[in-house]
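Just below is one structure, and these are the notes that go with it.
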Amino acid sequence: MAAPYPLRKLKSGLKLKLAKILMGDKATTPHFAWAGAGSSERLCARIEQSGHKNVLVVTDKPLRALGVVDRALEGFDRSVTTLHFYDGVEPDPTFGQVAEGAKVCRDSYCTAVLAVGGGSSIDAAKVIALEAVNEGDPMSWVGLNKAPATAVPIYAIPTTSGTGSEATMGAVITHEVDHSKQIISGLAVLPRAVAVDPDLMLGLPPAITAATGLDALTHGIEAYTSLWERGSRTETSLMAIQGVFKWLPKVLLEPGNVVAREGMALAAYYGGVAINQVNVGFVHAIAHQLGARYGIPHGMANALVLPHVLKAYGSAAEPKLAELARAIGLSNTTGAGFIDAVFELRELAGLPSQHAAIQARDIDAIVEAAIAEGDGYFSPRLFTPDEVKSILLAISVNA
Ligand SMILES: [Fe+2]
């Protein structure tokens with residue numbers, strides 16, 4: 001059961017003070033990022049020039065079968081660099097998959113890990129890179145900044161436009177037994193260099209384009225409305241939000257438009273940069289539970305929850321949401337106007353407003369888990385259990 005609201009509020013305030021003392025207001029370490037058609041070739045050449053003779057490519061089988069992975073790796077000279085593959089990553093990667101990948105990494109003496117794929121492959125690659133060179137149970141690394149200080153150098157080529165994992169020092173790994181999502185974070189897993197290459201995203205199916213696009217939007221909004229002023233989060237979260245509103249409708253209409261794909265890919269990247277500084281908020285805290293319990297894809301889960309959470313924040317988020325309404329050029333420059341625009345974008349993207357998987361018997365447990373996670377973020381304000389319950393009832397067909 002959640003602790004009384006005033007006690008939770010006090011704890012949350014102390015956590016924010018502690019975060020400011022420990023991590024300050026400067027941005028986290030930047031990394032190299034290339035963007036644009038063909039940028040994946042430049043990244044491969046860069047990895048090669050860094051002297052890596054054996055590189056582990058972490059990806060998934062469907063992407064390999066589509067030929068996207070081969071295209072992403074064209075920049076390597078195979079007579080100089082030997083590529084090894086772990087392609088067993090599945091959506092919501094598990095600790096078991098990470099252990100398999102780490103074994104391939106060790107057995108083939110890889111000195112670099114290159115993720116090619118969506119957030120699942122990039123997240124798995126991060127923890128594979130940790131596990132390859134560190135003893136101990138990865139579950140002991142769960143939490144903010146608890147990852148070991150060293151990892152095999154990580155590089156990333158995202159092939160979806162959403163998670164922004166290529167720009168963050170965090171990874172979400174699923175526990176096989178209870179299906180809980182565990183977050184591992186630390187500077188060692190921030191990719192050293194990334195290529196945001198729209199050429200590799202042209203074939204992304206509309207449903208994934210839509211869901212990952214709403215994930216990127218959520219990152220931008222949760223970073224922009226965070227209580228923690230840090231680094232460039234204001235600028236980068238704005239670029240993410242403006243980018244999604246500008247490019248997502250276009251890319252859904254014209255999936256082969258490389259300029260629109262690049263716009264969306266950069267919006268997702270900037271969303272990642274923003275949350276890498278101030279983390280996410282209550283939208284993710286609730287959405288993670290829906291993903292863990294029912295397997296609802298992450299972007300879709302965020303899209304279900306996002307407008308309801310923004311509404312429920314009320315006056316705590318109004319000034320920031322009104323700023324966002326102006327930033328995306330709405331005529332209604334109030335917080336409510338911005339929330340309406342989020343509802344409209346979700347509908348335009350063809351994403352559902354309710355989900356049949358959510359069951360009444362699970363609601364109390366979901367509420368408890370969401371509050372336990374959400375209290376660790378710096379959202380505009382905390383929610384009571386009843387407020388989280390109302391949000392779940394609003395998005396459920398059956399409960
Ligand atoms: Fe997300």
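Points worth noting:
- Quarter the surface of the alpha carbon convex hull of segment 1-82 and you get the mean projected area, 10.6 square nanometres.
- When the alpha-carbon atoms of segment 120-183 are used, the pair Rg, Dmax equals 11.8, 33 angstrom.
- Cα lying deepest toward the dipole's positive end in segment 32-201, options Val142, Leu56, Ala193, charges on Cβ: Ala193
- Each Lys and Arg adds +1 at its Cβ and each Asp and Glu adds -1 at its Cβ; summed about the Cα centre, the chain shows a dipole of about 860 debye.
- The length gained on full extension between Ser108 and Glu254, counted as 0.36 nm times the residue separation minus their Cα-Cα distance, comes to 48.4 nm.
- Potential lengthening of the chain between Glu368 and Glu135 amounts to 80.6 nm, from the contour at 0.36 nm per residue minus the alpha-carbon distance.
- Candidates Arg261, Arg230, Arg64: whichever shows maximal mean-square fluctuation once the chain is modelled as a Gaussian network with Cα springs under 10 Å: Arg64
- In units of the compact-protein estimate 2.2 N^0.38 Å, segment 61-148 shows a Cα radius of gyration of 1.12.
- Each peptide in 214-226, 347-359 was scored by the mean count of other Cβ atoms within 10 Å over its residues; highest first, the order is 214-226, 347-359.
- Value of Rg/Rh across segment 32-201 [Cα atoms, Kirkwood radius]: 0.94
- Size descriptor, Kirkwood hydrodynamic radius, that averages inverse alpha-carbon separations across segment 311-399, Å: 14.6
- Among Ala260, Phe32, Leu227 - extreme Cα towards positive end, dipole of the chain, charges at beta-carbon: Leu227
- Lysine pair number, Cα distance threshold 19 Å (strictly under), segment 32-201, separation 8 or more or different chains: 7
- The string of couplings for segment 216-222 from the Karplus curve (6.51, -1.76, 1.60, θ = phi - 60°) is 4, 4, 4, 4, x, 5, 5 Hz, one whole number per residue in order, with x for Gly and Pro.
- Per-residue packing, averaged as other Cβ atoms within 10 Å, sorts the ranges 56-62, 363-369, 154-160 into the order 154-160, 56-62, 363-369, beginning with the highest.
- The alpha carbon convex hull volume per residue for the chain rounds to 124 Å³.
- Directionally averaged projected area (convex hull, Cα atoms, segment 162-250), nm²: 7.7
- Å³ per residue enclosed by the Cα convex hull of segment 256-344: 126
- In segment 279-378, the chymotrypsin sites (Phe, Trp or Tyr not before Pro) that fall in loop regions by DSSP, at most 11 other Cβ within 10 Å: none
No value in this document is a laboratory result; all are computed from the given coordinates. Model, not experiment: these values are computed from the prediction. In this analysis, Cβ positions are derived from the backbone assuming ideal geometry, glycine residues included, and neighbour counts consider all displayed protein chains.
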